[in-house]
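Written out below as structure tokens is the structure these notes cover.
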Amino acid sequence: TARGTYSSISLTSTVLGLTLLSCAGPTSDDAAVVNSVIFGNDKALQAFIDAGGANGDVNKIRQVKTGAPLLVVAAGAGHTSVIEYLLTAGAKIDARDNDGATSLYKAAEKGHDNVIEFLLNEAPLTCGVDEAQIETLMRYREDKYDGYTPLLIAAKRGHLNAMESLIA
């Protein structure tokens, strides 16, 4: 099955009683899964993956516009429960979006100190993330735009709590 085409699996994300996406066709499942991650619906994500969506590989689904893997999307949205599920389901912690941002970078950029603390402190204990992978997250953003580290982007955006989480 090609990426984005899951003929036997369909996912609908509902937030506050409103259906975010309920259509069939190529990439509709990917978009619905990304929406469930954005809105913190880890149960819908888990149901999709458990049903064989993306052939059970959480690394295959990316946000269309940014190329962000689900882990980066979840970090940018501030959802630690989704991040924990993704890591235990095999998400690559050092995966990057099209601009080179990792999950830690995106959490720092958005000021999600809860996600930063989870990635740096809890993920190594509960999700099998090792120190070398954490070190990779702390490096600069590998892109043509800014080359900032997570700490520098948190400072630039004025996220003091995120800065403290990165330094601690």
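The values are calculated or read from the model by the stated rules, or taken from the named source; none is laboratory data. Since the structure is predicted, the reported quantities are computational estimates derived from the model, not experimental observations. Cβ atoms come from the backbone with ideal geometry, glycine included; neighbour counts cover every protein chain shown. All accessible areas refer to the heavy atoms of the entire protein, side chains included, with ligands and DNA or RNA removed. Shrake-Rupley method; radii C 1.70, N 1.55, O 1.52, S 1.80 Å.
Is the shape of the range 57-168 rounded, prolate or oblate, going by the alpha carbon gyration tensor and its root eigenvalues a ≥ b ≥ c, with a/c under 1.5 for rounded and a/b larger than b/c for prolate? Oblate is the answer for the range 57-168, as a/c is 1.5 or above yet b/c matches or exceeds a/b. The listed peptides 68-74, 161-167, ordered by packing as a protection proxy, come out as 68-74, 161-167 (highest mean of other Cβ atoms within 10 Å first). In plain terms, the chain from residue 43 to residue 122 could stretch by 26.4 nm, reckoned as 0.36 nm per residue minus the Cα-Cα distance. Of 106, 43, the residue with the largest accessible area leads and the full order is 43, 106 (1.4 Å probe). At full extension, residue 168 and residue 132 could sit 11.2 nm farther apart than now, given 0.36 nm per residue minus the alpha carbon distance.
Cα centroid distance between the range 37-59 and the range 91-168, in Å? Cα centroid of the range 37-59 versus Cα centroid of the range 91-168: 23 Å apart. Taking other residues whose beta carbon is less than 14 angstrom from the beta carbon of residue 73, and scoring Lys, Arg as +1 and Asp, Glu as -1, yields +2.
Below 8 Å between Cα atoms, with a sequence gap of 6+, how large is the relative contact order for the range 34-166 in percent?
Details: 219 pairs, mean separation 28.1, N = 133.
It comes to 21 percent, rounded to a whole number.
Given axes a ≥ b ≥ c from the Cα gyration tensor, I'd like to know whether the range 91-144 is rounded (a/c under 1.5), prolate (a/b larger than b/c) or oblate. Judged from the Cα gyration tensor, the range 91-144 comes out oblate (a/c at least 1.5, b/c at or above a/b). Local charge for residue 134 was computed over the other residues whose Cβ lies under 12 Å away, with Lys and Arg +1 and Asp and Glu -1, and equals -4.
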